[in-house]
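A short write-up of the structure that comes next.
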Amino acid sequence: MLTNNNSNKMFFLFILFFSTLISISSNSWFGCWIGLEINLLSFIPLISNSKNLLSVETSLKYFLTQSLASINFLFMILIKFSLLKNFDMNNIISIMMNSSLLMKMGSAPFHFWFPNIVEGLSWMNNFMLMTWQKISPMILLSYYFNKNFLIFMIIMNLIIGSLGGLNQTSLRKLLAFSSINNLGWMIFSIMISENLWLFYFLIYSMMIFMMISLFFLMNMYFMNQLFINNMNFFIKLNLLINFLSLGGLPPFMGFMPKWIIINFLLINKFYFLTFIFMMTSLIIIYYYIRIIYSSFMFNYFKMKWVNLLMKNNMSLINLSSFISISSMILSTFIFM
Amino acid sequence: MCFNSFFFLFFFMLINFFFFVYFIMNGLSVFFEWEIISFNSMSIVMSILLDWMSLLFMMFVSLISSVVIFYSKSYMNSELNLNRFIILVLMFVFSMVLLIISPNLISILLGWDGLGLISYCLVIYYQNLKSYNAGMLTALSNRIGDVMILMVICWVMNYGSWNYIFYFDFMKNDYVMFIISFMIIIAAMTKSAQIPFSSWLPAAMAAPTPVSALVHSSTLVTAGVYLLIRFNYLLIDMFFFKVLLFLSILTMFMSGISANYEFDLKKIIALSTLSQLGLMMSILSLGFPDIAFFHLLTHAMFKALLFMCAGVIIHMMNDIQDIRYMGGLSLYIPLTSLCLNISNLSLCGIPFLSGFYSKDLILEMVSFNSFNLMVFILFYLSTGLTVFYTFRLIMYVMINDFNLMMIYNLYDEDYIMLNSMFVLLFMSLLSGSFLSWFIFSYPYMIYLPFNLKLMVIYVSILGSILGFMVSNMGIYSLNKLLLSYNLSSFLCLMWFMPNLSTYGLSYIYLNFSQILFKNIDMGWSEIYSGKGIFNILKNYSVFYNIYQMNNFKIYLFSFILWFMILFIFFFI
């Protein structure tokens, strides 16, 4: 992502990282809000490119939604401070604060901006949006959440993430809906412990990074681009493994965080919620496998006039496949 | 090859005879044991038990097998691979000997499985479709018994070793012994073709005649009876023994009736073997193991002889086994018909032939002890049926007119076959009295009223008269079977029980599974999973997409609306 020539972007990237750190390590709610604002302000120059009309529109939409959410957040903080002596208002205020934070993250039911904006960004900006931008709202959510409200939001996240993605052909929107689904898992992990959320988040961002870097190197934005090419075998294998890992299929890396979260679900007796987690996971795996199933058949349809060869910058593909396959087993050697 | 194995087995028989006389006169029994490995609490030993019962049985087995091998030198002389046949027969004899001398369940399993496998190889020896089907039926029915013995091996590991003879006195009322007895009885029932498993014995007549003489008359089918005789102390007041009684007398009765409807020579003899096996099993389950053993041995003699005579006749009739083509043979082949008649009459229990000693003793023991009315009736009825089909067979084969072609070659002077039959003829005449003097050191005390004593004779005479009358055929005779077609087909086809082992295992399940496949796999489960769920999800997704594609202001405004609703709740 540092391959663009503009050094301003490097500057704004630094401020982006720093703003998240401000937000999560502040003593007061006000400091959190400051961090969120700086985050918004530094992300806008990263995604706007004044030569591209779609990019300008996307950055405008992003600015509008995020600033609305930040204003609400500030307002709720102030109401909370001024009416703190009234303890029976705690529920409503926590719901309102959580709503504004959920809108910042792009979680259902406030997620409608998310696929739109993802459609207008390039792959590396998408990566920042899907991973880094979620850190500070999540952690702020963990400071003051309302359990019942959040469980309802989790269910909505899961269902919308799975159902919305069934009808998509754009790869960016597909990953957007998958990101909404994974937000459901992450919000639940926040409710259990922050450590667990960190674990899930790290593995999720690693998987997303591998996927997005593969799409970025192949310059693919839509599903038909996957089927027209004559891909090199290793690229196809890597795509297969990463998609299955993202879906949470067992020998791959992506199964581990989901497994641990299901463990906590069952310990805390959230049985119906477990059922919803599982079933929506199945729908997500369905539309991943729909993309890649031709790559694990013996006889497949090969177009021979567009060749996608392994270029020099794709040398880490084998390493990423290896990590995806063997992480779960190797982790038992390291952490036991 | 034939002569070598014949001499070896004959010599082996003489050794066994000598040792048998020595052991039974001195009341000896020798137990060899070689401990192969002793592991935690289990000890794996190879043991050999030589007492008078095993030596006597080995003597009879080796005598019959030596005579059969000698006979097959002439019977199978046009066979290219005669060596293969002789080797199979020798392996069979070896498995049988292993079964006889073993007091150890593992070596019994080795012998048992060897018997089943080699009888399969022998039944499919003529490689045509009928032999293939018969062999499959034989092998799979015997396989059930093998599985039962395997499970007994597992259960007996409870007790620490596989030498079962040591545990009978101590563990009689144990639950484990209850299960073991059940499984042993099922294993014996499959090998000796009692009622649920009786379909393989008539089908196994697709084997060559020497095989039938050795295997299906005296050795394979009596292995089950021998096993139960060995386990007799365990089984004697168990519940399943009474079930065995019930099933074995029904076997005896059913096969007696079915033999009357048969027109295939070897099938009649097979059904007669089945009837006598039922007799052996039933007298064993009534609590008289030594009488069962006695009948086992005398039956082996005359049944093997009967099969060998049938083999000679089949050769003469140009490989036709249907008795309707035969007739008047007593005029043309006097020596063979001598052997045939003596073995048949011995089967009926005509006084002072060998079968009389065992059969009459059985019937008198049944009358003397107070048993069930059904047991009594079925025993005597089956005896009458035995005489009935025997006399019918004699009438068809020996006495009625010759029914084959005008040109015939009835060749009796095949001295190889005849000499082998004479050996068995000698034993068939004398073995009854000889065995009764050896085995029973004192005779059984039987005191019966006059008519009950003569009941055997009444039933036999009735059977013989009926046999004579049924086989009177002329040009204008009506086939009475057609008048009572339903009843006759029920009785003729062994009460439809072979369908259990053939159609019932393949056709019924395949039919049912086709219905299930069409209705469920390709029917309802497509709507309730598979395609149906896909349609539902696709419709939901399309519906959601309509929501997703909206004006941007609407999103922002909906967020504000949510907050206004929350504020309203806040201020209330």
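Got at least one residue in region A:55-64 being more than 13 Å from chain B (Cβ to nearest Cβ), under 19 Å from A:G161 (Cα atoms) and touching a residue at least 40 places away in the same chain (Cβ under 8 Å)?
Looking for residues that are more than 13 Å from chain B (Cβ to nearest Cβ), under 19 Å from A:G161 (Cα atoms) and touching a residue at least 40 places away in the same chain (Cβ under 8 Å), one finds none in region A:55-64, hence no.
Checking the conditions here, which among A:I325, A:I283 is part of a helix (DSSP H, G or I), surrounded by 11 or more Cβ atoms within 10 Å (Cβ to Cβ) and in contact with a Pro (Cβ under 7 Å, 6 or more places away or on another chain)?
None of the others qualify; the one that does is A:I325.
Quick one: how many residues across region A:286-313 are loosely packed, with under 10 Cβ neighbours inside 10 Å and part of a helix (DSSP H, G or I)?
1
What number of residues within region B:140-161 are under 10 Å from B:M183 (Cα atoms) and free of Cβ contacts under 8 Å to residues at least 24 places away in the same chain?
The total comes to 1.
Would you check if B:L56 is among the hydrophobic types (A, V, I, L, M, F, W, C), surrounded by 14 or more Cβ atoms within 10 Å (Cβ to Cβ) and touching a Ser or Thr at 6+ places or on another chain (Cβ under 8 Å)?
no
Out of everything in region B:412-450 that is aromatic (F, W, Y) and closer than 19 Å to B:L305 by Cβ, what residue ends up being surrounded by the most Cβ atoms within 10 Å (Cβ to Cβ)?
So, considering only residues that are aromatic (F, W, Y) and closer than 19 Å to B:L305 by Cβ, the one surrounded by the most Cβ atoms within 10 Å (Cβ to Cβ) is B:F422.
Scan the helices (runs of 4 or more DSSP H) fully inside region B:497-572 and keep the ones with 3 or more residues being within 12 Å of chain A (Cβ to nearest Cβ) and either surrounded by 14 or more Cβ atoms within 10 Å (Cβ to Cβ) or out of contact with any Pro (no Cβ under 7 Å at 6 or more places or on another chain) (or both).
Of the helices (runs of 4 or more DSSP H) lying wholly inside region B:497-572, those with at least 3 residues that are within 12 Å of chain A (Cβ to nearest Cβ) and either surrounded by 14 or more Cβ atoms within 10 Å (Cβ to Cβ) or out of contact with any Pro (no Cβ under 7 Å at 6 or more places or on another chain) (or both) span B:531-548, B:552-571.
Quick check, is B:S181 farther than 22 Å from B:L500 by Cα, of a type outside the set (A, V, I, L, M) and touching a Leu at 6+ places or on another chain (Cβ under 6 Å)?
Yes.
Any chance region A:81-95 includes a residue that's more than 10 Å from chain B (Cβ to nearest Cβ), part of a helix (DSSP H, G or I) and within 22 Å of B:F557 (Cα to Cα)?
Checking region A:81-95: at least one residue is more than 10 Å from chain B (Cβ to nearest Cβ), part of a helix (DSSP H, G or I) and within 22 Å of B:F557 (Cα to Cα).
What residue, of B:M46, B:M96, B:M58, B:M91, is among the aliphatic types (A, V, I, L, M) and part of a strand (DSSP E or B)?
Going through B:M46, B:M96, B:M58, B:M91 in turn, the sole match is B:M46.
For B:V456, state whether it is within 14 Å of chain A (Cβ to nearest Cβ), at negative phi and β-branched (V, I, T).
In short, no.
Are there any helices (runs of 4 or more DSSP H) wholly within region B:316-404 with 3 or more residues that are out of contact with any Phe, Trp or Tyr (no Cβ under 9 Å at 6 or more places or on another chain), and if so which?
Those helices (runs of 4 or more DSSP H) span B:334-348, B:354-368, B:373-394.
Looking at region B:290-309, is at least one residue in contact (Cβ under 8 Å) with a residue 60 or more places away in the chain and not in a helix (DSSP H, G or I)?
No.
Give me a count of the residues in region B:159-188 that are crowded, with 20+ Cβ neighbours inside 10 Å and among the acidic types (D, E).
Summing the residues that are crowded, with 20+ Cβ neighbours inside 10 Å and among the acidic types (D, E) in region B:159-188 gives 0.
Being of a type outside the set (F, W, Y) and either without any contact (Cβ under 8 Å) to a residue 60 or more places away in the chain or touching a strand residue (DSSP E or B) at 6+ places or on another chain (Cβ under 8 Å) (or both) is the filter here; which residues of region B:473-498 pass it?
Correct list: B:G474, B:I475, B:S477, B:L478, B:N479, B:K480, B:L482, B:L483, B:S484, B:N486, B:L487, B:S489.
Table: residues versus (1) charged (D, E, K, R); (2) assigned by the TED database to the domain that holds B:V366; (3) at pLDDT 90 or above; (4) farther than 24 Å from B:Y389 by Cβ.
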| site | (1), (2), (3), (4) |
| --- | --- |
| B:M417 | no, yes, yes, yes |
| B:F426 | no, yes, yes, yes |
| B:I465 | no, yes, yes, no |
| B:L491 | no, no, no, no |
| B:P498 | no, no, no, no |
| B:Y503 | no, no, no, yes |
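Please state which of the following conditions B:S66 fails to meet, knowing it meets all the rest: (1) farther than 12 Å from B:L9 by Cβ; (2) polar (S, T, N, Q); (3) touching a helix residue (DSSP H, G or I) at 6+ places or on another chain (Cβ under 6 Å).
Going through the list (1) farther than 12 Å from B:L9 by Cβ; (2) polar (S, T, N, Q); (3) touching a helix residue (DSSP H, G or I) at 6+ places or on another chain (Cβ under 6 Å), B:S66 breaks only (1).
The values are calculated or read from the model by the stated rules, or taken from the named source; none is laboratory data. Quantities reported herein were computed from a predicted structural model and do not represent experimental measurements. FYI the Cβ positions are ideal-geometry reconstructions off the backbone, even for glycines, and counts take in every protein chain you see.
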